[in-house]
Amino acid sequence: MALVLTYGTFDLLHVGHVNLLRRARALGDRLAVGLSSDAFNALKRKHATQSYADREAVLRAIRYVDEVFPEDTWEQKAADIRRLGAAILVMGSDWEGHFDHLSGHCHVRYLPRTENISSSQLKAEIRRGPPTAAVDAAPLPRLPRLAHAGPR
Ligand code: C2G
């Protein structure tokens, strides 16, 4: 029973996260996720829109995820690997090399990051709103014709 381990903030869950979780799970029989706590996000200087509780609830609803626990420090990974008996630590390729020091505890794999999607990109797009051309081109809503009361 090979347990795969990964970590992250997983804010505003998007297809890049799901691709990572699906491919990580496919490398073993179970997938455990160390989910960054709100305090750890502050340490990472990362602002998550959703609370830990909400991000946890979303992750637990994902079919590839078997377990979720808090990630509170950078240093807890070796102890997590031992506690969970993790066979593989999987991270996206933007972390390439950052966790090689853990290869004495388990295999470390970096999977290609999904291009052109990130939580911060989604937030920026939502803040920007639809392109104005789309708004201008949108047909005006047809207003109900008012019965003429006659000249005033
Ligand atoms: N990811 C990806 N493709 C994207 C976005 C994210 O493959 N377009 C991967 C990241 O590489 C990471 C995981 O999804 O492996 C979670 O990404 P984040 O939620 O941004 O987490 P991060 O800030 O990278 O935290 O100790 C490790 C850290 O907690 C990782």
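When 51, 36 are checked against the criterion of being out of contact with any Lys or Arg (no Cβ under 9 Å at 6 or more places or on another chain) and of a type in the set (Ser, Thr, Tyr), 51 stands alone in meeting it. Of all residues in the range 110-118, none satisfies being under 17 Å from residue 12 (Cβ atoms), out of contact with any Gly (no Cβ under 9 Å at 6 or more places or on another chain) and open to solvent by less than 50 Å² (accessible area, probe 1.4 Å). For residue 47, the criteria (1) at pLDDT 95 or above; (2) within 15 Å of the chain's Cα centre (by Cα) hold in every case but one, which is (1). Number of residues in the range 46-77 that are part of a helix (DSSP H, G or I) and away from the ligand (no atom under 12 Å from the Cβ) equals 6.
The single residue among 28, 34 that is closer than 21 Å to residue 114 by Cβ, at pLDDT 95 or above and either surrounded by fewer than 17 Cβ atoms within 10 Å (Cβ to Cβ) or away from the ligand (no atom under 12 Å from the Cβ) (or both) turns out to be 28. Among the numbered conditions (1) within 15 Å of residue 11 (Cβ to Cβ); (2) of a type outside the set (A, V, I, L, M, F, W, C); (3) out of contact with any helix residue (DSSP H, G or I) (no Cβ under 7 Å at 6 or more places or on another chain), the only one that residue 71 does not meet is (3). Of the residues 45, 60, the single one that is exposed (fewer than 13 other Cβ atoms within 10 Å of the Cβ), of a type in the set (D, E, K, R), without any contact (Cβ under 8 Å) to a residue 40 or more places away in the chain and under 24 Å from residue 123 (Cα atoms) is 45. Within the range 110-124, the set of residues being of a type in the set (A, V, I, L, M) and without any contact (Cβ under 8 Å) to a residue 40 or more places away in the chain comprises 124 only. Of everything in the range 96-109 that is within 12 Å of the ligand (Cβ to nearest atom) and assigned to a loop (DSSP other than H, G, I, E, B), the residue that is least open to solvent (accessible area, probe 1.4 Å) is 99.
Condition check ((1) farther than 21 Å from residue 18 by Cβ; (2) touching a residue at least 24 places away in the same chain (Cβ under 8 Å); (3) among the hydrophobic types (A, V, I, L, M, F, W, C)) across all residues:
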residue: 39; (1), (2), (3): yes, yes, yes
residue: 53; (1), (2), (3): no, no, yes
residue: 64; (1), (2), (3): no, yes, no
residue: 68; (1), (2), (3): no, yes, yes
residue: 71; (1), (2), (3): no, yes, no
residue: 77; (1), (2), (3): yes, yes, no
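In the range 4-20, the residues that are touching a residue at least 12 places away in the same chain (Cβ under 8 Å) reach residues that are open to solvent by 10 Å² or more (accessible area, probe 1.4 Å) and of a type in the set (Lys, Arg) with C-beta atoms within less than 6 angstrom, at least six apart or across chains, in these pairs: 9/46.
The values are calculated or read from the model by the stated rules, or taken from the named source; none is laboratory data. Being a predicted model, the structure only gives us computed values, none of them experimental. Virtual Cβ from ideal backbone geometry, glycine too; neighbours counted across all protein chains shown. Note: accessible area is taken over every heavy atom of the protein model, side chains too, but ligands, DNA and RNA are not part of it. Shrake-Rupley method; radii C 1.70, N 1.55, O 1.52, S 1.80 Å.
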